[in-house]
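Working notes, structure below.
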Amino acid sequence: MIVDLPDTTTSNISKALVKIREEGGAVALGRVLTLIIATHLGQEEEAIEAANDASREHPMRVIVVSTEEERSHTGSGRLDAQIRVGGDAGASEVIVLRAYGETASDEEGLVTGLLLPDAPVVVWWPGIAPAKASASPLGRIATIRITDASAQPNPQEALFHLADTYAPGDTDFAWTRLTLWRAQLAAVLDQPPYEPITAVEVAGAADSPSTLLLAAWLRLQLQVPVQYDLASRAIGSGGIHGVRMERASGTIELEREVPNVARLSQPGQPTHDLSLPRRSLRDCLAEELRRLDPDDLYGEVITKGLGLLETSDEGVGATA
């Protein structure tokens, strides 16, 4: 069910929610958190779809704050709202706030009266993120703040900016997209012959911040030289391409040459094809919502690991 509330107020939205709850039986009981999605007008639906899918694992109230890309701070403001429940909202209830003019300048005020009581608040910026997430109007009220470096104009530069502005509770989808890669690499090193790694090379697309974060994680964990190559290996390829790790008995290679499948080769063992798909927004969001406390490892990787990297000549050329 979708209820439109043109030119409204947050008070009227709250009353409409109560009316829907009383008449239709839609309740907030069981909601475990409030997810605020901060985006621009016309760019809401993909993020809402991902939140609806993730809500089947994490029942929640979703508040979408949608503002004009070029905000106008003159003239009278207006707030149009839409409430989605039932089949149009997954296992959540979705409140879409489309704010114009002066109304858009008070994002915190727009959502304060709609937050679930005594529930954690998570803010997600699926597009352009604020200069400092933790100091932004919505970031100040959030337990967890989610950004996406790959959505920024310069993803690599965005990572280093995140490192400079990091505060506990910050996280980024560039890190979440690494979960399958980190799990697979950790499993490989947890098998004989247990020889130390002496050098590492990580390759990926020039617009892949996850490649840089993977290199930083390996540098921090293994304490060995790590080079990263951001030159695309094939036309149209994206994301992480592969990892090479050197040790005394030979080279371990985990390479994704075709979408969703990676090939693992190790000295003295047969080559294996592994499922290693690129993760969807739904998968990334659902994973981040499983933990509502600061990710200390991400904090260490982005604030310490990035500064330890050695850049290969190829990587510098690809980025320039």
Please check the chain for the longest run free of GluC sites (Glu not before Pro) that are loop-located per DSSP (anything but H, G, I, E, B) and have at most 13 other Cβ atoms within 10 Å.
71-320
Starting from the Cα of LYS304, step 7 Å along the direction of its Cβ; do the same at ARG291; then give the gap between the two resulting points in nm.
1.5 nm
How about LYS19: which aspartates and glutamates have a C-alpha closer than 14 Å to its C-alpha, ignoring those fewer than 8 places off in the same chain?
ASP4, GLU93
Of all the accessible heavy-atom surface of the chain, with the other protein chains kept in place and a 1.4 Å probe, what percent is carbon and sulfur?
50 percent
Added length on full extension, which subtracts the Cα-Cα distance from 0.36 nm per residue, SER105 to SER280:
59.9 nm
From a point 7 Å beyond the Cα of GLN191 in the direction of its Cβ, which residues of region 245-285 have a backbone N at a distance under 14 Å?
251-255, 263-275
Compute the distance in nm between two label points, each set 7 Å from the Cα along the Cα-to-Cβ direction, one at THR198 and one at ASP88.
6.4 nm
How large is the translational diffusion coefficient of the chain in µm² per second when you combine the Kirkwood radius over alpha carbon pairs with Stokes-Einstein at 20 °C and 1.002 mPa s?
101 µm²/s
If the chain between THR143 and ASP273 were fully extended at 0.36 nm per residue, the gain over the current Cα-Cα distance would be 42.9 nm
Indicate the gyration tensor shape class of region 269-308 (rounded, prolate or oblate), computed on the Cα atoms with a ≥ b ≥ c the square roots of the eigenvalues: a/c under 1.5 is rounded; otherwise a/b larger than b/c is prolate and the rest oblate.
oblate
Is the shape of region 43-170 best called rounded, prolate or oblate, per the rule: a/c under 1.5 gives rounded, else a/b larger than b/c gives prolate, else oblate, with a ≥ b ≥ c the square roots of the Cα gyration tensor eigenvalues?
oblate
What FRET efficiency comes out for SER76 versus ALA131 if R0 is 35 angstrom and r is the Cβ-Cβ distance? Round to the nearest 0.05.
0.80
What is the magnitude of the charge dipole of the chain about its Cα centre, with +1 placed on the Cβ of each Lys and Arg, -1 on the Cβ of each Asp and Glu, and no other charges, expressed in debye to the nearest 20?
540 debye
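The values are calculated or read from the model by the stated rules, or taken from the named source; none is laboratory data. All figures in this text were calculated on a predicted structure; none of them were measured in a lab. Note: ideal-geometry Cβ built from the backbone for every residue, glycine included; neighbour counts use all protein chains shown. With ligands, DNA and RNA removed, areas are computed over all heavy atoms of the protein, side chains included. Shrake-Rupley method; radii C 1.70, N 1.55, O 1.52, S 1.80 Å.
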